[in-house]
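The structure appears right after this line, and notes come after that.
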Amino acid sequence: MAKKRLVSGMRTTGSLHLGHLEGTLKNWVSLQDTYDCFFFAAVWHAFTDRIKIDDLPTIIRNIIVDWLSVGIDPEKSVIFRQSSMHEHAELSTILSNCTPLGWLERCPTFKDAVRDDDARSGVSLGKLMYPVLMTADVAVYNAEVVPVGKDQLPHLELSREIIRRFNGSYGDILKEPEALLSQVPLLLGIDKRKMSKSYNNGIDLRETPEGLKAKVQQMITDPQRVRRNDPGDPEVCTVYAYHKIYTPDRLEEIAQGCRTASLGCRDCKLILFERLNTMLEPIRARRAEIETRKGYVEEVLDSGEKRAHAAAAEVLQQVRQVMGFLL
Ligand code: TRP
Ligand code: SF4
């Protein structure tokens, strides 16, 4: 039986952190055998936030290298850049005409952007169009499945409505994709806030052992545990939240040690550091290996983009046909 087509993207806003790894990448890696996967760097979508153009080539390259080093496999999956695919832009233009303005204005991320706007930067049309472009991103490949985090569900629901509306006008041309909600633990930043670029509280995939150790040492613990002999409450501690994911086999022992003060925060953090470092070690090794292969990343993207163009051409041909562009 043919595998279902799966499409997903990741914005190129900066370096990847553990939140990306746990929330998205591990899921992508495991989906590769079950689905016909298309994974792309959402470069245009990154522009809805302020980004430094000077950094962009490095950001894009590093993201692709990181994908490869965690196990996204170009033999199995199509890997490409949104910015190389004019087809996304074409379909986005077409779909913008069957998307009521009100749908976009009611989108939660757009409403947040308008509310948070400091009136100096202004909210761009690109921000409003975000869900339309996202719809084009998946519809242009006839995606049947789109893995997304919870935060992206409203976008995907909007995509389905836009596609339904297009099909309502022009016939059953585009596929309505299903959301594949990943059941992932929420990883907090080292300061216990949401892990985010703008808070600079993430643990990078590219962290050196020394850098990683420093980050783990900075993690916020139970604030009530001032002295070494004070008992702690693991449930309010960021370190423990990480242990839940990375040290499931010693969880009871750690919680017990924390509550009875037999385990100090220093040692508790060392255990976590070791776990994280052990996880990152093979990723670092693969990254180093990839970096020795000259031209490899370019090759991966070239071949991915060729395959993506071929898949997109089929859908766009039908779209152009039903819309009367062809003579
Ligand atoms: N909006 C997604 C995010 O912020 C990125 C993205 C862009 C995407 N286009 C997509 C995800 C299409 C899935 C499908 O994470
Ligand atoms: Fe957190 Fe561990 Fe310290 Fe308890 S012992 S407060 S779980 S770091």
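The values are calculated or read from the model by the stated rules, or taken from the named source; none is laboratory data. Small disclaimer: the values here were computed from a predicted structure and weren't measured. All Cβ positions, even for glycine, are placed from backbone atoms using ideal geometry, and neighbour counts span all protein chains on display.
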Note to self: Suppose we keep only residues that are touching a residue at least 40 places away in the same chain (Cβ under 8 Å) and within 13 Å of ligand 1 (Cβ to nearest atom) within segment 152-162. Which one would you say is surrounded by the most Cβ atoms within 10 Å (Cβ to Cβ)?
What the structure shows: I162
Next item on the list: State yes or no: is R206 part of a loop (DSSP other than H, G, I, E, B), more than 30 Å from V132 (Cβ to Cβ) and away from ligand 2 (no atom under 12 Å from the Cβ)?
Entry: yes
Notebook entry, point to check: Quick one: which of S8, S84, S69, S77 is buried (at least 20 other Cβ atoms within 10 Å of the Cβ), among the polar types (S, T, N, Q) and closer than 30 Å to A113 by Cβ?
Noted result: S8
Next item on the list: Considering only segment 156-198, state which residues are over 23 Å from A136 (Cβ atoms) and over 17 Å from the mean Cα position of the chain (by Cα).
Entry: I190, D191, K192, R193
Check: Is one or more of the residues making up segment 36-51 more than 11 Å from ligand 1 (Cβ to nearest atom) and modelled with pLDDT of 95 or more?
Finding: yes
Notebook entry, point to check: I64: more than 15 Å from ligand 1 (Cβ to nearest atom) and more than 26 Å from P185 (Cα to Cα), yes or no?
Noted result: no
Notebook entry, point to check: Can you name the residue in segment 243-283 that is over 15 Å from Q217 (Cβ atoms) and in contact (Cβ under 8 Å) with a residue 40 or more places away in the chain and, of all such residues, is surrounded by the most Cβ atoms within 10 Å (Cβ to Cβ)?
Noted result: L280
Next item on the list: Output the number of residues of segment 212-238 satisfying the condition of being part of a loop (DSSP other than H, G, I, E, B) and either surrounded by 14 or more Cβ atoms within 10 Å (Cβ to Cβ) or of a type in the set (G, A, S) (or both).
Entry: 8
Next item on the list: Select from segment 11-37 the residues that are within 13 Å of the chain's Cα centre (by Cα) and of a type in the set (D, E, K, R) and write down the one among them that is surrounded by the fewest Cβ atoms within 10 Å (Cβ to Cβ).
Entry: K26
Next item on the list: Read through the list (1) of a type in the set (D, E, K, R); (2) in contact with a helix residue (DSSP H, G or I) (Cβ under 6 Å, 6 or more places away or on another chain); (3) without any contact (Cβ under 8 Å) to a residue 12 or more places away in the chain, then give the number of the only condition that D172 fails.
Entry: (2)
Margin query: Taking the condition of being basic (K, R) and more than 23 Å from the chain's Cα centre (by Cα), how many residues in segment 107-139 meet it?
Written below: 2
Notebook entry, point to check: Is it true that P147 is surrounded by 12 or more Cβ atoms within 10 Å (Cβ to Cβ), more than 27 Å from H309 (Cα to Cα) and either within 16 Å of ligand 2 (Cβ to nearest atom) or not aliphatic (A, V, I, L, M) (or both)?
Noted result: no
Margin query: Between a residue in segment 286-302 that is on the phi < 0 side of the Ramachandran plot and any residue that is outside any helix (DSSP H, G or I) and among the hydrophobic types (A, V, I, L, M, F, W, C), which pairs come within a Cβ distance under 8 Å, given they are 6 or more apart or on different chains?
Written below: V300/I79; L301/I79; L301/F80
Next item on the list: Quick one: I290 ticks every box in (1) in a helix (DSSP H, G or I); (2) among the aliphatic types (A, V, I, L, M); (3) within 14 Å of ligand 2 (Cβ to nearest atom) except a single one, so which number is it?
Entry: (3)
Note to self: Among (1) among the hydrophobic types (A, V, I, L, M, F, W, C); (2) away from ligand 2 (no atom under 15 Å from the Cβ); (3) under 30 Å from R284 (Cβ atoms), there is one condition M219 misses while meeting the rest; what is its number?
What the structure shows: (2)
Next item on the list: Only residues in segment 134-147 that are near ligand 1 (Cβ under 10 Å from one of its atoms) count as the first member; pair them with residues that are basic (K, R) and in a helix (DSSP H, G or I), Cβ under 9 angstrom, at least 6 apart or cross-chain, and list the lot.
Entry: T135/R160
